[in-house]
Amino acid sequence: MYIIWTIFGILFLVWDLKKTNPYKLVCASSCMFCAIYAYKMPQDLIFQPIVFLGLFLVFMILIKTIFKKELKENLKEKKLKEYIGKTAIVKKDIGKTLSIDGLGQIKFNNELWSAKSVDDKEIKAGASVEIVSKENKIMNVKVINNAKN
């Protein structure tokens, strides 16, 4: 019976190669672990499907937990990308990039973000800046030409 579980596991893996899907990987890994169980306990034909279902449920819970966190991070990342090119107001002075206190704060859409200058200039609070890029959760900004500095 372990050969059948192994074949199903391999089929799920091959099927997953066409288009990756975590659910196919859950099926494949459950089949492979079930194949090991079937090899060690060949007489337990009734428990093999139960082992498969149990492993499937455990792996699904783990995958869903992981993907929930990843989905939240992706949404936050997408939101940050939407800020690039937008104008923000400096709330806390931004120092020179290489200085110890180079980080300042900007306000955009009623949210405060850490920010640093891309052109190594000091930017005073109240100045308008353009969001150029981001590194982790730090916005890289540059002064808008008409803004005070």
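At-a-glance table
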read-out	value
Top-ranked residue in the range 1-32 [being touching a residue at least 40 places away in the same chain (Cβ under 8 Å) and buried (at least 16 other Cβ atoms within 10 Å of the Cβ); ranked as nearest to residue 56 (Cα to Cα)]	5
Test result for residue 94, in the same structural domain as residue 138 (by TED's automatic domain parsing), modelled with pLDDT of 85 or more and more than 28 Å from the chain's Cα centre (by Cα)	yes
Filtered residues of the range 28-70 (kept if touching a helix residue (DSSP H, G or I) at 6+ places or on another chain (Cβ under 7 Å) and polar (S, T, N, Q))	29, 30, 48
Matching entry among 71, 62, 45, 112 (being loosely packed, with under 13 Cβ neighbours inside 10 Å and closer than 24 Å to residue 140 by Cα)	112
Which numbered condition residue 66 misses (of (1) β-branched (Val, Ile, Thr); (2) more than 30 Å from residue 3 (Cβ to Cβ); (3) modelled with pLDDT of 85 or more)	(3)
Which listed residue is under 19 Å from residue 135 (Cβ atoms) and loosely packed, with under 11 Cβ neighbours inside 10 Å, from 85, 95, 102	85
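The values are calculated or read from the model by the stated rules, or taken from the named source; none is laboratory data. This structure is a prediction, so every number in the text was calculated from the model and none was measured. Note that each Cβ is placed from the backbone with ideal geometry, even for glycine, and that neighbours are counted across all protein chains shown.
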